[in-house]
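Input: a single structure, listed below in structure tokens.
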Amino acid sequence: MAAAQLTSTCFLPAFEGLRSSTSKVPSVVVSTPFRSLTIRSTRGLVVKSATTVAPKYTSLKPLGDRVLVKIKAAEEKTVGGILLPSTAQTKPQGGEVVAVGEGRTIGDKKVDIGVKTGTPVVYSKYAGTEVEFNGLSHLILKEDDIVGILETDDVKDLKPLNDRVLIKVEEAEETTAGGLLLTQATKEKPSIGTVIAVGPGPLNEEGDRTGLPLSPGNTVLYSKYAGNDFKGADGSEYITLRASDVMAVLS
């Protein structure tokens, strides 16, 4: 007796933020002693991490010490004009402040948000929650996740906020102590650099800025895997990190 064939279609529940690929996929035939099952597989699920705000909502007001930032679009070309594939485009880490919360209360003191609408800022790479609002990509994040204010296209002009420090990284050694030439892959990542700019310092329990024990021009030793790395317009390496990640001042 010929084996019966059953064609089964698998439906996935419609979760917001998930959509199946429209590409065609082959059916898979599974044989058993009694029948053959033809199961059409589903692949290529795309996870959309951003929360989409429906068009009926026309305003979005952050609460507390949160800030709404319109994300700057990722670069699609290199400086030399070479088109970058989507996999090679770096995640944008900057944008423009479009709304701010009312601030927070520390002790008996009301502390306002330190950035205003229209300010171009740089933020920690994995901070905040992405939101699609008015057809554009935004990020809601805490003020403390903003690294600094950057009004130009060169990171050397960054003005750090809170307890952040901007450091120009010392160039990696080209040779070993024995004189062997190092390749780019074998160069050890430096953890020494020169302080370029410092933030106003963290807030104490009374809501006042305490300042930082560092000054521009200091040569410092910092934690090896801390902070956010950037490349300047001249190709120099920079890093922004919290002052607590700076371990020592060298002289």
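Read-outs throughout are calculated quantities, based only on the coordinates presented, and are distinct from any laboratory measurement. Please read all numbers here as calculations on a predicted model, not as lab measurements.
Things to note:
- Cross-link check: pairs 110/142; 61/159; 61/110; 72/159; 61/231 evaluated at a Cα-Cα cut-off of 23 Å; pairs beyond the cut-off: 61/159; 61/231.
- Per-bin percent of Cα-Cα distances, the range 186-241 [5 Å]: 4, 15, 22, 24, 16, 10, 6, 3, 1, 0
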